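In what follows, a structure is listed as structure tokens, so that the remarks can point back to it.
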Amino acid sequence: MHIDLLSHSTFVGGQPHDQFAWLREHDPVHWHEEPGGRGFWAVTRFDDVWAVDRDFTNFSSEPTIMIADQIGNGGLGPYKMMLMMDPPEHTAFRKLIRSEFTLPSAKLRGERIAQLARQIVDAVIRKGECDFVADVAGEMPSFVIAELMGLPLDDGRELYKLTETIHTSPEALPPGAGAEAVGRMFAYGSGVIAEKRARPGDDLASKLLACEVDGRRLEDPEFLLFFLLLVDAGGDTTRNLLSGGLLALMAEPEKLAWLRADIPGRLAAAREELLRWTSPVIYMRRTARREVELAGKRIREGDKVVMYFGSANRDPAKFERPDRLDLARDPNEHIAFGTGPHGCLGQHIARIEIDAMLAEVLARMDGFELAAEPEWLPSNFISGPKSMPVRFRAAA
Ligand code: HEM
């Protein structure tokens, strides 16, 4: 089996489940060459991915969670994003925003999120045709992050376009486009700093600017990195779950009909299965702090260790008939949100967004068919369609 988990073309039709299956069976901690880099270990079994993600003593999130070393913090010198810190530093930063993302806090946003879902479907329902990614799935996370940060909804949409560029593999972009997108995000974030310092509101951006870490206020670059992380982490992940999820349902119309027949009763289990199935975050990387053994392989200090969530989520040792989309799957302990100290902070909000959007779409839109082949995001990091033209009719 030819293994290539680097080239973005490997991911253009979804995740490479044939390669993942071969690796899980024959070489679950696989040494992967990296042109221009030192190479990395590709970890593909559920138990190993789980163990690495929780073991921050041996596997560090520094200097970066991307495979390529040079993708750092967008030129902000020594400052780091929380996603690329280890405890105890990471714990102190995560604590600053944790309370906004608990289940009770997320639930408080439920009604507003349902209203946004209605608004999003209202805007397309009479058209009979739309790009499901841009017009439906992408709208929800853009609006939610804008509301969370106290920004105009339209700005959320613009910021989200930048995250898409940031997540695209550099070789699929014009030279410098990724760095330019990060620069524009920071320029916008600097405007937010000025605006929220002058007129603080009851939003996360104002709270971040007012809070303290180690007895001091956050510095501007620290705020900008939080801003980038929050906009980045919740955008095309949620969008790709919604678009990739609908695509999976369209491929099996009897399952779509089954879900539609009892949305309130069946949606929670179906949503977890769609998370397992699509696994929008392809990987997170760690770096070994010392020599350590993993599934019989000797990992050297400084080696890159890459956890493939989409592969872990199809591991037959963990999931019965993993290649079957089972909307009622129970138990379903997938790892689409990661685990351990960095486990997705936004997962409660994400679940509420997904449920609101799917419920609205399935109740009001019917007869989905593809109007053109979906175009996949050219990325080895985030998986999902970048555009998905669909035809539909308003449900009777
Ligand atoms: C379907 C949607 C989503 C998926 C699949 C997803 C997945 C993930 C994954 C895999 C991680 C890394 C976990 C690890 O290293 O173990 C992560 C981290 C994170 N996510 Fe999400 N995410 C989603 C939505 C969101 C949303 C809506 C937000 C915020 C509004 C968010 C905020 C974050 C943050 C802040 C982190 C970093 C946590 C840390 O470093 O401590 N995510 N997410």
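The values are calculated or read from the model by the stated rules, or taken from the named source; none is laboratory data. A quick note: this is a predicted structure, and the numbers were derived from the prediction, not measured. A quick note on method: Cβ atoms are made from the backbone with ideal geometry, for glycine too, and the neighbour counts reach across all protein chains shown. Surface accessibility is based on the protein's heavy atoms, side chains included, excluding ligands, DNA and RNA. Shrake-Rupley method; radii C 1.70, N 1.55, O 1.52, S 1.80 Å.
Looking only at segment 365-396, residues that are within 18 Å of Val121 (Cα to Cα), open to solvent by 40 Å² or more (accessible area, probe 1.4 Å) and either in contact with an Asp or Glu (Cβ under 9 Å, 6 or more places away or on another chain) or β-branched (Val, Ile, Thr) (or both) come to 4 in all. Screening Phe11 on (1) buried (at least 18 other Cβ atoms within 10 Å of the Cβ); (2) modelled with pLDDT of 95 or more; (3) over 14 Å from Arg285 (Cβ atoms) shows it passes everything except condition (2).
Take segment 77-88 and flag every residue that is more than 9 Å from the ligand (Cβ to nearest atom), surrounded by 13 or more Cβ atoms within 10 Å (Cβ to Cβ) and modelled with pLDDT of 95 or more. Result: Asp86, Pro87. Residues that are assigned to a helix (DSSP H, G or I) and open to solvent by 50 Å² or more (accessible area, probe 1.4 Å) within segment 234-267 comprise Ala251, Pro253, Glu254, Ala257, Trp258, Arg260, Pro264, Gly265, Arg266, listed in sequence order. A count restricted to segment 327-345 and to residues that are closer than 13 Å to Ala268 by Cα and either polar (S, T, N, Q) or crowded, with 19+ Cβ neighbours inside 10 Å (or both) stands at 3.
Residue-level analysis places Asp47 among those that are open to solvent by 30 Å² or more (accessible area, probe 1.4 Å), under 24 Å from the mean Cα position of the chain (by Cα) and of a type outside the set (A, V, I, L, M).
Please verify whether segment 24-44 includes one or more residues that are touching a strand residue (DSSP E or B) at 6+ places or on another chain (Cβ under 6 Å), open to solvent by less than 30 Å² (accessible area, probe 1.4 Å), in contact (Cβ under 8 Å) with a residue 40 or more places away in the chain and of a type in the set (Phe, Trp, Tyr). So far as segment 24-44 goes, yes, one or more of its residues are touching a strand residue (DSSP E or B) at 6+ places or on another chain (Cβ under 6 Å), open to solvent by less than 30 Å² (accessible area, probe 1.4 Å), in contact (Cβ under 8 Å) with a residue 40 or more places away in the chain and of a type in the set (Phe, Trp, Tyr). All told, Ala288 falls short of being at positive phi and in contact with a strand residue (DSSP E or B) (Cβ under 6 Å, 6 or more places away or on another chain). Scan segment 339-381 residue by residue and report those that are in a loop (DSSP other than H, G, I, E, B), near the ligand (Cβ under 10 Å from one of its atoms) and more than 23 Å from Thr165 (Cα to Cα). Within segment 339-381, Thr339, Gly343 qualify.
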